[in-house]
Amino acid sequence: MEVFVERFVGRQNIEHFCEMLKITTDPGQRRVLEKLLLEAQAKLNKDEEDHKKNLSIIQTEPVRLEDRGVARRPKGRA
């Protein structure tokens, strides 16, 4: 769940920085906003790539219950 919150906040930050760039005229403030925007975009892109990588691992690797510390029930028992 934390990953989804971080991605949401990242998208909100990007939107906020873009809006601020529309109204800010001071060159120093614009440089700071542009830097923050680039950093937020890079982080969001990295997080999304990591998420895709994790999904592909989950989809391609079989899950063995024994590896997860779950004991199998003896056959014939429900």
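Here, each number is a calculation from the coordinates, and none is a lab measurement. None of these values were measured; they are calculated from a predicted model. Virtual Cβ from ideal backbone geometry, glycine too; neighbours counted across all protein chains shown.
Before moving on, here are some points about what is shown:
- Charge tally around Phe17: other residues with Cβ under 14 Å, Lys/Arg +1 each, Asp/Glu -1 each, net +2.
- Computed over region 2-60, relative contact order equals 39 percent, with contacts defined as Cα pairs under 8 Å that lie 6+ residues apart.
- Projected label distance in nm at Gln12 and Leu55, using a 7 Å step from Cα toward the beta-carbon: 2.3
- Spread of Cα-to-Cα distances over 5 Å intervals beginning at zero, given as percent, for region 2-60: 4, 19, 22, 19, 13, 10, 7, 4, 3, 1, 0
- Spin-label model, Asp47 to Glu34: label points 7 Å out along the Cα-to-beta-carbon direction sit 2.5 nm apart.
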